[in-house]
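Colleague: Below is a structure I'd like to ask you about.
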Amino acid sequence: MTKPDILQVGPYPDWDQVPLDETFNMHKYFEASDPAGFLNAVGATVKGIATRGELGANRAMIEACPNLEVISVYGVGFDAVDLQACRERGIRVTNTPDVLTNDVADLGVAMMLVQSRGMIGAEAWVRDGSWQEKGLYPLQSRVWGKTAGVLGLGRIGFEVAKRLAGFDLQIAYSDVSAKDYARDWSFVSDPVELARKSDFLFVTLAASAETRHIVNKDVIEAVGPQGMIINISRASNIDEEALLEALESNRLGSAALDVFEGEPALDPRFLELNNVLLQPHHASGTFETRKAMGKLVRDNLKAHFAGQDLLTPVL
Ligand code: 8YV
């Protein structure tokens, strides 16, 4: 069987690249000095696209590949893939759910703890000699016994909530409906009301056009000057301008963010703030998880071209 032609949108670690190159004819879009010209040259041969959660595949890319059959996303989030363009042509889409859920939840909870207890500053306090010169590190804010709100109780939100319950936090959550797998936690339909109840508001919902800026000015200000917003989903779920204004004016106490509009070129105003923990979109960034994600990307492509059922279909 001739190797199917795959358009590769972004780089993958070598442990993924080698088996991909062995099984498929990989066309590396990210290496092209003239991406549009590159797409023109190879588009007609492309049967599959291999991309990443934050890179996706937009309508222009999809339309440049008239024989495209399947898009395989290295990531659980598929908001950057133009699903409507795929539906119009019966193009299949897969993602990598479940394998990254626990790592993403771990980082979310860790970000809350690191920011609440001021651990970045504390570590510097030791390294720069302040502990010897100035004495004890300034007191920080307690975590246990407070209330956490989880906006989106899907796989990742549920694992975040489970961990937070282990820290003796009260758990409340919002989602399209109450979840029978979350009877111990209080369901709050209105995100503003959830924010008002929350000392820590976790943004964990899958991003889509419907969830854009669901964390708006009202939600942000309801969290308030003592509260914290933690985002491990997508920047588009939060009105980033309202978030920056609230942090700059201390109408919001603090934030811990793994995702940003225009990332990795985040708004430089974030760099001026001392009440925000900045992370480089690495919630799923462990060897174990990324290897599992890479294998799922390959296995979905192999299944498609072998005429078998997709392992983790989105479309
Ligand atoms: C990225 C993610 O895919 O799973 C997602 O949706 O955004 C991440 O896991 C990962 O950063 C690799 O690009």
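Colleague: Select from the range 78-94 the residues that are within 16 Å of the ligand (Cβ to nearest atom), assigned to a strand (DSSP E or B) and not aliphatic (A, V, I, L, M) and list them in ascending order.
Modeller: Listed by number, the list holds a single entry, Thr94.
Colleague: Here's something else I'd like to know. What number of residues within the range 41-52 are within 16 Å of the ligand (Cβ to nearest atom), crowded, with 23+ Cβ neighbours inside 10 Å and of a type outside the set (Ser, Thr, Tyr)?
Modeller: Number satisfying all stated conditions: 2.
Colleague: Please enumerate the residues belonging to the range 277-300 that are within 16 Å of the ligand (Cβ to nearest atom) and either closer than 30 Å to Thr2 by Cβ or modelled with pLDDT under 95 (or both).
Modeller: Let us first name the residues in the range 277-300 that are within 16 Å of the ligand (Cβ to nearest atom), namely 278-298, 300.
Of everything in the range 277-300, those that are within 16 Å of the ligand (Cβ to nearest atom) and either closer than 30 Å to Thr2 by Cβ or modelled with pLDDT under 95 (or both) turn out to be Arg290, Lys291, Ala292, Met293, Gly294, Lys295, Leu296, Val297, Arg298, Asn300.
Colleague: Here's a follow-up. Which pairs turn up if I take residues in the range 26-42 that are over 16 Å from Tyr12 (Cβ atoms) and look for partners that are among the aliphatic types (A, V, I, L, M) and surrounded by fewer than 17 Cβ atoms within 10 Å (Cβ to Cβ) with beta carbon separation below 7 Å, at least 6 apart in sequence or on another chain?
Modeller: From residues that are over 16 Å from Tyr12 (Cβ atoms), the pairs are Phe38/Ala32.
Colleague: What tally of residues in the range 131-157 results from selecting those that are more than 14 Å from Asp199 (Cα to Cα) and either surrounded by 20 or more Cβ atoms within 10 Å (Cβ to Cβ) or small (Gly, Ala, Ser) (or both)?
Modeller: Residues flagged as more than 14 Å from Asp199 (Cα to Cα) and either surrounded by 20 or more Cβ atoms within 10 Å (Cβ to Cβ) or small (Gly, Ala, Ser) (or both) within the range 131-157 amount to 6.
Colleague: Scanning the range 65-77 for residues that are among the hydrophobic types (A, V, I, L, M, F, W, C) and farther than 11 Å from Leu7 by Cα, which turns out nearest to the ligand (Cβ to nearest atom)?
Modeller: In this case the residue turns out to be Val76.
Colleague: If Thr23 meets every condition in (1) polar (S, T, N, Q); (2) out of contact with any helix residue (DSSP H, G or I) (no Cβ under 8 Å at 6 or more places or on another chain); (3) touching a residue at least 24 places away in the same chain (Cβ under 8 Å) apart from one, which number is that one?
Modeller: (2)
The values are calculated or read from the model by the stated rules, or taken from the named source; none is laboratory data. Quick caveat, the model's predicted, so the values are computed rather than measured. Methodologically, a virtual Cβ is constructed for each residue, glycine included, from the backbone with ideal geometry; neighbour enumeration extends over all protein chains shown.
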